[in-house]
Every structure is written in C-alpha cells, then in structure tokens.
Amino acid sequence: MNAPRSSPAPAADLVSLFPQGSHLDEDGQLVIGGCRASELADRFATPAVVVDENALRARARQYVRALAEHWPNSQAVFASKSFPCTAVVRTLVEEGLGVDVAGAGELVVALAAGVDPALLVVHGNAKTDEELAMAVEAGAGTIVVDNFHDIDRLERLVGDSGQRVLLRVIPEVDADTHEAMATGHRGSKFGLSVPDAVRAAERLRASDRLRLDGLHVHVGSQLLGTEPFQRAVEALARLGELGEHAVYDLGGGLGVRYTYGDRPPTVEEYVRALTDSARKHLPAGARLLIEPGRSLVAEAAATLYRVVTVKPGERTLVAVDGGMADNLEPMLYGQRFEAAIASRVGGGEPCDLVGRHCESGDTLIRGIDLPAPRAGDVVAVPVTGAYCYSLSNNYNGARRPPVVFCRDGRAREVVRRETFEDLLRRDVPEA
C-alpha cells in the first residue's frame, strides 16, 4: 500500500486531499480551515495535528442527511477509536451522532464530550468487569455482546432496570483490505460464529436482566467498495434461526481517499447501498445503526511537520521532526500517504519522507515528490484524522503532538502538546 507514485502530482491534486475548503493563497501557501499552514506551524510548533472544524461538521451532516433520507429510523454512531479526542467527539455529538466506545478510556472521553448515554454503543472482545460496570453505571444505551463471558458478567452487574444488548455475529464475509483491518471473516476474534450466536441468543432471551434488541456485524475497515457491506446484510438475513429483531447494527468501515488513485464510495452511495440491501433483507420497521469512524474524521485533518535534515543520495532522504510516534499507519498497515511542502505545493523529485525515530522502518512515505526540500520547510501530510492520534506514542521520548482546531481563519488548541514533565508524571517516587 505504500508504493511510490510514478510521476509528480500537480498542486490541485495535492490540495484536493486536504480538508474540504483547503486552498492555496496568492503566494502559493497552503491554507487549511482559513489558516496558513506555515503560520500554524510557527504558532503551535510541529508536529501538530490540524483539524478543519467546518470539514468535520460537514462530513457528519452528510451522514445525518443520508440516513434521514434513506432510512429515517436510524442512527449514526461515531466509532471513537478512530479519533478519541474530546473536542472531536463533542463536535460530532453536537451534530447529532451517538458514540461507539471500545474501552473504558473511550467511555470516559465520550461522557466528557457530553454524549447522551442512551446513544452510547459499548464494544470490545475482552470487556473487563470494570469496563462493563462503568458502562452500566453510566447508563449506556447499548452493550454489544461479543462472547459468553460478556453475558456472565452483565448478569452479575446489571440491576433490576435491565440492559439492552446487541449480539455480534461473524458474517463470514471476506473484505478486500489489510488483514489487520478485516473483522468479519471466519475465525475472526470479534463476535460469535452462527452456532454460538444461536446459543447466546437463547441465553439472552431467557435472561431477566438482559434484553436482546438485535444483531451486530462488522466486516472490516478502509473498504473501497460497497459490496462487502451488502453481503454482510444478506448474511444477517440468512440467520433465520436467530429470528427477526428490532435493531440491526451494520458496523462501519467505509474507506477514504488517502492517495490520488483511491476512489471510495461517497457517504450517499454507501448509505444508499446499505439501506437498499436492508430494504430487501431486513424487517421494514427495524432500526438501523451504522458506526462510521475513519470516513468521518480522516479527511478533516492534516499533520504538519518541519524538515530537520535533507540527505542527498540515490534517493533524497527528507527527515522531519515526527514519524512513527505520531503516525503508525505506514508501519502497521503499509498505508500510503501523500505530502506537500506548505509553501511550494506540487511538483518536485522523488524523495523518501522519513521520521526521526531510531528505526529503519520509520519511513512515512516512500517516493514522494517534493520540490527542492530544505531544512526548516513545513511539510503537510493530509488525511491523518483517523488512527494517527489514537496510535500516537512516546517512542524515543517523543511528546505527543497537539490537536489544533481551525475554523474560518481562527485556530485554537484543543489538546496541548505533551511536556517532558508529562513523561515523568506517572513515576512513583522512591521512599
């Protein structure tokens, strides 16, 4: 997935990958959310994650409108693992979305962001007693049962008021994505096989504390076609032994355009494909849930770096002040990104954009065209709103970067950069 391009990209192609509304100023400077990228780098230092708030809200509204048009009895639920930042979650909650959490930390963030607990969907293939107790105490509207231990724990923890649950079923749909992002295939660690799901459903129906509302499926992430989603809906329809249900959660997984060649479905096309399939195969009065994550946040953000060193050679090595501590996607999944020098967008000669960390694998982009890169240049990498923040780390003592919201030319820091004191904060003093 991290293959080099064969020819330089024009500036227009590069700008099209940045958040909606990004453009070049009269002097050729990249502008995101009405703010010049170089000025953001000067003000907030680098690396920095820049979110265009208008672009984020616009994407959320696309989902809300599409669902309202094609299946009014529905709800979009943000898969917060993709960007578990309180300000991001708050923004999407304000736009009418629920929140999907897959751990106690994400639950805490969602509650801090002001989500209606009734619109919480709690996931996880290994939920602990503590996490389930926190979810129940918070009044989480839906907990997704992934295994029989979930049932055991919930029956101990849930009081007389009861708890609504969904049952996650493996649809046995092979998705065309990186193997680490596939979730609906036979043998997946997520959910139950059909025979086990039948037994789990019987237990849930017999429970006096748990209410089985419906079924959940998820087939994978960064999917660039609608066919796997449709097959998952068809798989649900074949599960006659599980009966008809009031709620069907169809998961998420819509892919995004990381590179010029990517052509993912639009939100409208994705939602229409799901609802057309649901209309054929699921009960007409059912409530549909979908869980967009990457496709909500990825394209609303970009990461700014500053060039530290340039090494000419067989291929020029351009080293920046970040890398695998703030973006693990190229190393984990081979994900290809693109990049631009913020003051000279487009054209150039092939370079390798490498990070500052002590790993040869710390290469952000191979064969990226950059025009005459030099130390001090600001490099902007688009489509970093999904999983980069989630997977950020302190390798080599790196301080995790700030998150900066930009809107109509105004910028504000919503997550500060870590300090060196933060790196020592959890140390236990010697007696």
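The values are calculated or read from the model by the stated rules, or taken from the named source; none is laboratory data. Predicted, not measured: the structure shown is a model, and the values here were computed from it. Reconstructed Cβ throughout: ideal geometry from the backbone, glycine too, with neighbour counts over all protein chains shown. Please note that ligands, DNA and RNA were not included when accessible areas were found on the heavy atoms of the full protein model with its side chains. Shrake-Rupley method; radii C 1.70, N 1.55, O 1.52, S 1.80 Å.
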Most packed first (mean Cβ within 10 Å per residue), the peptides 416-425, 32-41, 133-142 order as 32-41, 133-142, 416-425
Neighbours of V77 by Cβ distance under 10 Å: Lys/Arg at +1, Asp/Glu at -1, summed charge -3
Cα-based Rg then Dmax for the stretch 56-169, in Å, read 14.3, 42
Of 72-85, 257-270, ordering from highest average Cβ density within 10 Å down gives 72-85, 257-270
Largest fluctuation, D42, D27, D129 only, Gaussian network model of the chain with Cα springs under 10 angstrom, belongs to D27
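Over the residues of the stretch 188-285, compute the C-alpha Rg and express it relative to 2.2 N^0.38 Å. Kindly include the intermediate steps, with their values, before the conclusion.
Values: Rg = 15.4 Å, N = 98, 2.2 N^0.38 = 12.6 Å.
Rg over 2.2 N^0.38 Å, computed on Cα atoms: 1.23.
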Among (i) 22; (ii) 12; (iii) 19, the entry matching percent of Cα pairs over 41 Å apart as calculated here is (iii)
Share of accessible surface on carbon and sulfur in the stretch 210-300, whole %, 1.4 Å probe and ligands ignored, is 47
Here the gain from full extension of E349 to A58, 0.36 nm per residue of separation minus their alpha-carbon distance, amounts to 101.3 nm
Rh (Kirkwood, all Cα-Cα pairs) for the stretch 274-420, Å, reads 17.2
The Cα extents of the stretch 5-64 along the principal axes, largest first and rounded to whole Å, are 37, 33, 23
